[in-house]
1. Do any trypsin sites (Lys or Arg not before Pro) in the range 122-160 lie in a DSSP loop with no more than 15 other beta carbon atoms within 10 Å, and if so, which?
2. Could you give the length gained by full extension between D26 and K85, i.e. 0.36 nm per residue of separation minus their alpha carbon distance, to one decimal place?
3. Which loop-located chymotrypsin sites (Phe, Trp or Tyr not before Pro) does the range 68-118 contain, where loop means any DSSP state but H, G, I, E or B and the Cβ has at most 10 other Cβ atoms within 10 Å?
4. Sum up the charges of everything whose Cβ sits under 12 Å from the Cβ of N129, counting Lys and Arg as +1 and Asp and Glu as -1, but leave N129 out.
5. With unit charges on the beta carbon (Lys/Arg positive, Asp/Glu negative), name the residue among T106, Y152, N129 whose Cα is farthest towards the positive pole of the charge dipole of the range 100-176.
6. Modelling each spin label as a point 7 Å along the Cα-to-Cβ direction, I'd like the N138/E59 distance in nm, to one decimal.
7. Just how far, in whole angstrom, is the range 40-84 from the range 123-166 if you go by their alpha carbon centroids?
8. For the range 23-174, what Kirkwood radius comes out of the mean inverse Cα-Cα distance, in Å?
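Quick note: the coordinates plus some simple rules give every number you see, no bench work behind them. Source: prediction; values computed, not measured. Positions of Cβ are backbone-derived with ideal geometry, glycine not excepted, and every protein chain shown enters the neighbour counts.
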Amino acid sequence: MNILKKGLLAVAVVFFATSLQAQTIDAQKSAANFTVKNMRWIEVEGNFTGMKGDIKFDEADLANSSFNVCVDAASVNTDNNARDKHLRNEDFFHVDKYPTICFVSTSISKKGSGFVTEGQLTMHGVTKNVSIPFTYSNGTFKGNLKISRYDYKVGESTGTFMVSENINLEIIAVTN
């Protein structure tokens, strides 16, 4: 076998091996769930669906693992149609202008019995570095983080009495 054929074979093997690492997100089973205080004492729960993107994860090769995942901002659901409509408008997520909320990892590392991914979360036109501790089991990634909505300029005009500043997020990405 000449050198050119060996080179092409090597490239094909590397490409095939890399593509095997890509996992498809099951959008029906995946969501970004959130909780936030309303009027300082009522906890409101909701979620975003429509998760899609690329997940490449190999516990034995974290250096080449990555997340590039988005949710549909218009999918916000708190089981209150009037509130959801308000959350979609320019007072909060302004979904016509900022249709997705995305996370792109810059690194993934092992931490205790789980993992941590560092990366950039983009929401409402603002990108910030975040750290997301997560677990992985049977094709399911579960991560949690707390963010300040003010960091992302979400609902700045509403103050913190009606909606608290901090949002707790639980991200569940199920892969096939």
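1. K153
2. 18.6 nm is the gain from fully extending D26 to K85.
3. Here no loop site has a sparse enough neighbourhood.
4. -1
5. Going by the charge dipole, the pick is T106.
6. Reported label-point gap for N138 and E59 is 1.4 nm.
7. Each part reduced to its Cα centre gives a spacing of 10 Å.
8. Taking the inverse mean of 1/r over all distinct Cα pairs, the range 23-174 comes out at 15.9 Å.
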